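The structure appears below as structure tokens.
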Amino acid sequence: MATTVAPKLYKNYIGGEWVDARGGSAIENRNPANTDDLAGMFPASTAEDVAAAVDAAAEAYKTWRLVPAPKRAELLFRAAELLVRRKEEFSRDMTREMGKVLAETRGDVQEAIDMTYYMAGEGRRQFGKTTPSELPNKAAMCVRQPLGVCGLITPWNFPMAIPSWKTMPALVLGNTVVIKPAQETPLSVYNMLEVLNEAGVPRGVVNLVSGAGSTCGPAMLKNSGVKAVSFTGSTEVGILVGEECAPLLRPCHLELGGKNIILVMDDANLDLAVDGCIWGGFGTSGQRCTAASRVGVHKKIYREFLDRFTARAKSLKVGDGLDPASEMGPVISKKQLDTVMSYVQIGTNEGAKLAAGGHRLQGGPWAKGWFHEPTIFADVDPGMRIAQEEIFGPVVSVIPVDGLAHAVDVANGVKYGLSSAIYTRNVNAAFSAMRDLHTGIVYVNAPTIGAETHLPFGGTKQTGNGHRESGDAALDFYSEWKTIYVDYSDRLQRAQIDTGNLGPAE
Ligand code: NAD
């Protein structure tokens with residue numbers, strides 16, 4: 001049933017103006033906890049809109065790159081202050097547009113705040129290097145240079161945090177950006193841009209084009225005015241993005257899927273491990289790229305762990321994320337719910353034992369949303385599809401393991417490599433796992449989620465293409481090195497040739 005209140009009509013932000021999409025059509029943004037609730041109508045942008053945004057960003061780049069970095073940073077600092085002021089409002093908007101509980105959307109906005117402050121600090125760092133030259137009276141140094149217009153394509157599960165991870169380092173380094181948010185969550189990016197605008201970021205430096213990935217994505221990727229692309233999303237789409245960037249030899253940063261694991265050893269603090277598996281497995285309804293969708297448990301403690309873990313999962317309160325009592329919200333969409341339900345069927349057919357949940361939640365408080373029970377499969381074989389493929393929902397596979405070596409083999413036996421965790425009180429086991437787990441992030445005595453903004457974030461294998469975001473690693477993607485030599489000898493000096501003239505050795 002449609003809402004009776006006229007929905008708010010949002011616009012694109014191009015060249016410092018809020019503008020309608022050229023095609024004039026719009027996409028609904030509905031609350032996945034209550035599909036009667038229409039959070040807004042967003043532009044269904046066309047290739048023309050994307051081109052206009054790229055042109056605006058290219059024009060703005062001419063002057064933005066020349067603004068001293070500490071001055072650019074002051075604008076980010078101001079934006080961070082504004083985000084702090086509007087944190088609660090933006091968190092509520094985010095819960096409404098994508099469903100995760102308020103505590104988590106507050107965390108998402110906080111992550112954007114942290115990233116904005118952190119990158120504001122980079123205004124006075126961005127250190128280059130100076131080094132002695134091999135020749136006399138010659139200076140040698142290298143400095144970071146911006147790339148130009150950066151095309152940013154973002155997913156729905158971290159609607160403000162991930163766009164901020166990309167936008168803030170790009171801006172402080174002197175790039176301009178065009179953001180194409182996920183079709184499901186444009187409101188949070190709209191909010192972030194409103195703040196950047198209010199902070200005084202000049203026209204055209206940040207641009208927002210909302211719309212379908214299948215329309216706006218290719219339009220952005222084929223535009224030669226886009227000098228670098230940063231994409232976070234599924235491995236399938238990420239590969240397409242990489243293929244589009246390759247012929248242009250354009251820098252391309254891909255942050256993709258995961259099939260993360262928590263290992264629980266026989267000496268683990270079980271209460272702590274259960275807490276971690278509940279948070280890692282069911283936080284954001286299992287829709288985090290770092291979600292712990294697998295748990296490998298030492299055989300000696302397997303039954304005890306499973307009993308406690310399933311009891312806790314069954315007691316989780318699932319409901320509207322705006323209700324402070326809710327511990328887990330809905331999944332993002334009907335399509336995602338269908339995927340979750342199909343994997344429950346796949347797991348059952350594969351012979352895994354359904355230990356908790358397994359069903360869609362319907363009726364009563366769940367009648368108008370896409371809710372699913374927290375679900376646990378036990379006695380899972382590591383080769384099963386439910387233990388190999390990214391489900392992106394509240395479904396955890398518990399796998400018995402013989403010991404540390406087996407646990408690490410199971411952990412590494414998937415095509416992804418984002419995050420892993422081990423619960424143990426044995427320092428030797430912890431350090432061996434830290435060395436041998438082939439993931440971009442490893443936690444000890446903490447779940448697979450909990451990244452902080454000042455350290456590199458990203459994964460190995462099919463989780464990405466080797467770049468990292470966040471922390472100073474982000475500076476490496478959004479800039480390129482320029483090496484500069486200054487010869488003040490007033491004569492031709494030839495590197496590698498005129499270097500041995502130190503006189504006779506005797
Ligand atoms: P998705 O791949 O469906 O969409 C991601 C973005 O790509 C969206 O903005 C979408 O509109 C756009 N897109 C779709 N088709 C496109 C095309 N042909 N060309 C260009 N862009 C296109 O992913 P999603 O469902 O939004 O997000 C979930 C996925 O993201 C999961 O696989 C999850 O693991 C991954 N993810 C990874 C990380 C990480 O840091 N590694 C973080 C969050 C999410």
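How high is the relative contact order of the stretch 59-132, given as a whole-number percent (alpha carbon pairs under 8 Å, six or more residues apart)?
Averaging sequence separation for qualifying contacts and normalising by length gives 45 percent for the stretch 59-132.
Going by amide H atoms built from the backbone, whose H comes under 5 Å of the H on Val396, apart from near neighbours?
Correct list: Thr375, Ile376, Phe377.
List the chymotrypsin sites (Phe, Trp or Tyr not before Pro) within the stretch 126-232 that fall in a DSSP loop (any state other than H, G, I, E or B) and whose Cβ has at most 13 other Cβ atoms within 10 Å.
Counting only loop positions with at most 13 other Cβ atoms within 10 Å, the chymotrypsin sites (Phe, Trp or Tyr not before Pro) in the stretch 126-232 are Phe127.
Using modelled amide H (1.01 Å from N, peptide plane; none on Pro or chain starts), what sits under 5 Å from the amide H of Tyr443, excluding residues fewer than 5 places away?
Ser420, Ala421, Ile422
Could you tell me which Cys residues in the chain have no other cysteine's Cβ under 4.7 Å from their own Cβ, answering none if every one has a partner?
Unpaired cysteines in the chain: Cys142, Cys150, Cys216, Cys277, Cys289.
Determine, from the Cβ-Cβ distance of Asp267 and Thr483 and an R0 of 45 Å, the FRET efficiency 1/(1 + (r/R0)^6), rounded to the nearest 0.05.
Efficiency computed from Cβ-Cβ geometry: 0.30.
Compute the signed sum of charges (Lys and Arg +1, Asp and Glu -1) over the other residues within less than 12 Å, Cβ to Cβ, of Met94.
Net charge in that neighbourhood comes out at -2.
How much accessible area per residue does the chain have, counting only protein heavy atoms and a probe of 1.4 Å, in square angstrom?
41
Taking the Cα-to-Cβ direction at Glu350 and at Trp18 and moving 7 Å from each Cα, how far apart do the two end points lie in nm?
Using points 7 Å along Cα→Cβ, the separation is 4.7 nm.
Give the carbon-plus-sulfur fraction of the accessible surface of the chain in %, rounded to a whole number; probe 1.4 Å, heavy atoms of protein chains only.
Whole-percent figure for carbon plus sulfur exposure: 53.
Could you list log10 I(q)/I(0) for the stretch 261-444 at q = 0.09, 0.10, 0.11, 0.16 Å⁻¹, which the Debye formula gives when each Cα is one point scatterer?
Here the Debye-derived log intensity ratios amount to -0.29, -0.36, -0.43, -0.91.
Can you give the net charge of the other residues whose Cβ lies under 14 Å from the Cβ of Val19, counting K and R as +1 and D and E as -1?
-2
Could you compute the FRET efficiency for Asp472 and Glu88, with r as their C-beta to C-beta distance and R0 at 30 Å, rounded to 0.05?
The calculated FRET efficiency here is 0.50.
Can you tell me the orientation of helix 186-199 relative to the chain, as the angle in degrees between its alpha-carbon axis and the longest Cα principal axis, to the nearest 10?
Helix 186-199 and the main axis of the chain meet at about 40 degrees.
P(r) for the stretch 356-506: what percent of alpha-carbon pairs falls in each 10 Å bin, starting at zero?
9, 24, 23, 16, 10, 8, 5, 3, 1, 0
Report the charge-dipole magnitude of the chain in Debye, nearest 20, computed about the Cα centre from +1 at each Lys and Arg Cβ and -1 at each Asp and Glu Cβ.
Using Cβ point charges on Lys, Arg, Asp and Glu, the chain gives about 360 debye.
So which lysines pass the test for Lys461, namely a Cα distance under 17 Å, with those fewer than 8 places away in the same chain ruled out?
Lys259, Lys415
Which entries in the list Lys100/Lys334; Lys71/Lys180; Lys334/Lys368 go over 19 Å, if you measure between the two C-alpha atoms of each?
Cα-Cα > 19 Å for Lys71/Lys180; rest within.
Tilt of helix 302-315 relative to the longest C-alpha principal axis of the chain, in degrees (0 to 90, nearest 10)?
Computed tilt is about 90 degrees.
Whole-Hz Karplus ³J(HN,Hα) for the stretch 80-92, in order, using 6.51 cos²θ - 1.76 cosθ + 1.60 and θ = phi - 60°, x for Gly and Pro?
The phi angles translate into 4, 4, 5, 4, 4, 5, 9, 4, 5, 4, 5, 5, 5 Hz.
Please give the helix 270-282 orientation as an angle from the longest Cα principal axis of the chain, in degrees from 0 to 90, rounded to the nearest 10.
Computed tilt is about 70 degrees.
For the stretch 482-490, take each phi angle, set θ = phi - 60°, evaluate the Karplus expression 6.51 cos²θ - 1.76 cosθ + 1.60, and give the result in whole Hz per residue in order, putting x for glycine and proline.
Using θ = phi - 60°, the values come out as 10, 9, 10, 10, 10, 9, 10, 8, 6 Hz.
Which whole-Hz ³J(HN,Hα) couplings does the stretch 244-260 yield from phi under the Karplus relation 6.51 cos²θ - 1.76 cosθ + 1.60, θ = phi - 60°, glycine and proline marked x?
Computed from phi, the couplings for the stretch 244-260 are 5, 7, 4, x, 8, 6, 9, x, 9, 10, 10, 10, 10, x, x, 9, 7 Hz.
Run down the aspartates and glutamates and flag those whose C-alpha is under 14 Å from the C-alpha of Lys11, throwing out any fewer than 8 positions away in its chain.
Straight-distance partners of Lys11: Asp20, Glu28, Asp49, Glu194.
What number, in percent, do you get for the relative contact order of the stretch 261-444 if the mean sequence gap of Cα pairs under 8 Å and at least 6 apart is divided by its residue count?
Here the relative contact order equals 28 percent.
Counting pairs of alpha carbon atoms under 8 Å apart in space and at least six apart in sequence, what relative contact order in percent does the chain give?
Across the chain, relative contact order equals 18 percent.
Projected onto the charge dipole of the stretch 75-177 (+1 at Lys/Arg Cβ, -1 at Asp/Glu Cβ, origin at the Cα centre), which of Phe90, Leu173, Met160 gives the Cα projection farthest towards the positive end?
Leu173
The values are calculated or read from the model by the stated rules, or taken from the named source; none is laboratory data. Every value quoted in this text rests on a predicted model; they were computed, and no experiment measured them. Using ideal geometry, Cβ is built from the backbone for each residue, glycine included, and neighbour counts are taken over all protein chains shown. For the accessible areas, the whole protein counts, side chains as well, though only heavy atoms, and no ligand, DNA or RNA atoms are used. Shrake-Rupley method; radii C 1.70, N 1.55, O 1.52, S 1.80 Å.
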